[in-house]
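Beneath this line is the structure, given in structure tokens, with notes to follow.
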Amino acid sequence: MHLSFLPVLSILCILAFSPSAAAQTSVLRVPISSYPPWIITEPGSDVTGIDIDLLKSLCKRMNLKLELVSVPFTRGLLMLEQGELDAGTTLQRSADRELFLHFVEPHYHRGSDKAFYLLKRSPISIQRYEDLNGLRIGYITGTKYFARFDNDQHLNKIPAHNLHQLHKMLAQGRIDTFIHATSVADCELQKYGCAKHVRHAQYRFTEGSGAHLAISRGSPLIKRAEEFSRHIKAMVDSGEIDEIMSSYNCQYRHAGYVTIP
């Protein structure tokens, strides 16, 4: 999906009541790319999703104007690193990312399981991590899955730009399997009619490290990091984020969004 040339989508969050507060409004610039149900982009429709609803509520609380910038995921990370954008959503903490991002605590969802997807007709069996050795494994560039996999230099990992490309590579026999978050991949594969062709391998990673809102260390909003944390905690503690998830029919204490055998 080529999103880098799409226009900036600007959403004006509801301002505080006083004119003086409105005058002090800052902009929160956030990169987005298709990642349903967290970020849902449909041609001709407004961008929606769990993260979008969360950001709108957060902007209202903090008197911010939200700007959604459509860019590929890896480009969005680079823009955060360079301070061109202010914050990213659904990001997993890692040492390399912490060099340019401040991860807001607490995380607002636990993260979803990471599964390895195989063609249904494939004779390959992945019952434990060691079974990945010797396989051609597709992954999305710039994505963090889990530390053992991310840091493993011995696996044959083949990059792709998006889930559609991963599925195409799998169907064409260019890779043996690919890794992805079940909450996203199951939903997308079902949506595009691909789920009937793939299955989960028996082995999956289930110990989610939590997904965060993260502020660019180059953003002027880094000065408000404690305020971001306070409001995210309030939204978690009040059940507001659970309500947002429920509105998208997502129960992430379970394995995934849609079940693939």
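The values are calculated or read from the model by the stated rules, or taken from the named source; none is laboratory data. Since the structure is predicted, the reported quantities are computational estimates derived from the model, not experimental observations. As a convention, Cβ positions derive from the backbone with ideal geometry for all residues, glycine included, and neighbour counts pool all protein chains shown.
Name the residues in region 191-214 that are closer than 18 Å to ILE39 by Cβ and of a type in the set (A, V, I, L, M, F, W, C), would you?
ALA211, LEU213, ALA214
Give the residues of region 72-104 that are out of contact with any Gly (no Cβ under 6 Å at 6 or more places or on another chain), at pLDDT 95 or above and assigned to a loop (DSSP other than H, G, I, E, B), sorted by residue number.
Those that are out of contact with any Gly (no Cβ under 6 Å at 6 or more places or on another chain), at pLDDT 95 or above and assigned to a loop (DSSP other than H, G, I, E, B): GLN82, GLU84, LEU85, ASP86, LEU99, PHE100, VAL104.
Taking region 155-172 as the search range and keeping residues that are among the aliphatic types (A, V, I, L, M) and touching a Leu at 6+ places or on another chain (Cβ under 8 Å), which one is surrounded by the most Cβ atoms within 10 Å (Cβ to Cβ)? Give the derivation first.
Start the filter on region 155-172 by keeping residues that are among the aliphatic types (A, V, I, L, M), which leaves 155, 158, 160, 163, 166, 169-171.
So of that shortlist, the ones also touching a Leu at 6+ places or on another chain (Cβ under 8 Å) come out as 155, 160, 163, 170-171.
Working: LEU155: 16, ALA160: 20, LEU163: 25, LEU170: 23, ALA171: 13.
Among them, the one singled out is LEU163.
Given the criteria polar (S, T, N, Q), assigned by TED's automatic domain parsing to the domain that holds ILE215 and out of contact with any Leu (no Cβ under 8 Å at 6 or more places or on another chain), does GLN92 qualify? Break it down into steps so the answer makes sense when it comes.
Working: polar (S, T, N, Q): yes; assigned by TED's automatic domain parsing to the domain that holds ILE215: yes; out of contact with any Leu (no Cβ under 8 Å at 6 or more places or on another chain): yes.
Here the answer is yes, as GLN92 does meet what is asked.
Of the residues that sit in region 209-232 and are polar (S, T, N, Q) and in a loop (DSSP other than H, G, I, E, B), which one is modelled with the lowest pLDDT?
Restricting attention to region 209-232, the residues satisfying the condition of being polar (S, T, N, Q) are 209, 216, 219, 229.
Keeping just the survivors that are in a loop (DSSP other than H, G, I, E, B) gives 209, 219.
On the way: SER209: 69, SER219: 98.
Only one residue tops the list, namely SER209.
Scan GLY44, GLY49 and give me the residue that is of a type in the set (Gly, Ala, Ser) and under 17 Å from MET235 (Cβ atoms).
Values: GLY44 fails: under 17 Å from MET235 (Cβ atoms).
Matching residue, one of GLY44, GLY49: GLY49.
Can you say whether GLY142 is small (Gly, Ala, Ser) and at pLDDT 95 or above, as far as the supplied structure shows?
Working: small (Gly, Ala, Ser): yes; at pLDDT 95 or above: no.
It is false that GLY142 is small (Gly, Ala, Ser) and at pLDDT 95 or above.
Does region 167-178 contain any residue that is in a strand (DSSP E or B), farther than 25 Å from ILE32 by Cβ and out of contact with any Lys or Arg (no Cβ under 7 Å at 6 or more places or on another chain)? Give the steps one after another, and end with the answer.
The first filter runs over region 167-178 and keeps only residues in a strand (DSSP E or B), leaving 177-178.
Right, trim to farther than 25 Å from ILE32 by Cβ and you get 177.
If we keep only those that are out of contact with any Lys or Arg (no Cβ under 7 Å at 6 or more places or on another chain) too, we end up with 177.
Yes, that holds for at least one residue.
Which is within 17 Å of the chain's Cα centre (by Cα) and over 23 Å from PRO36 (Cα atoms), of GLU188, GLU98, GLU130?
On the way: GLU188 fails: over 23 Å from PRO36 (Cα atoms); GLU130 fails: within 17 Å of the chain's Cα centre (by Cα).
Step by step, each of GLU188, GLU98, GLU130 is checked, and only GLU98 is within 17 Å of the chain's Cα centre (by Cα) and over 23 Å from PRO36 (Cα atoms).
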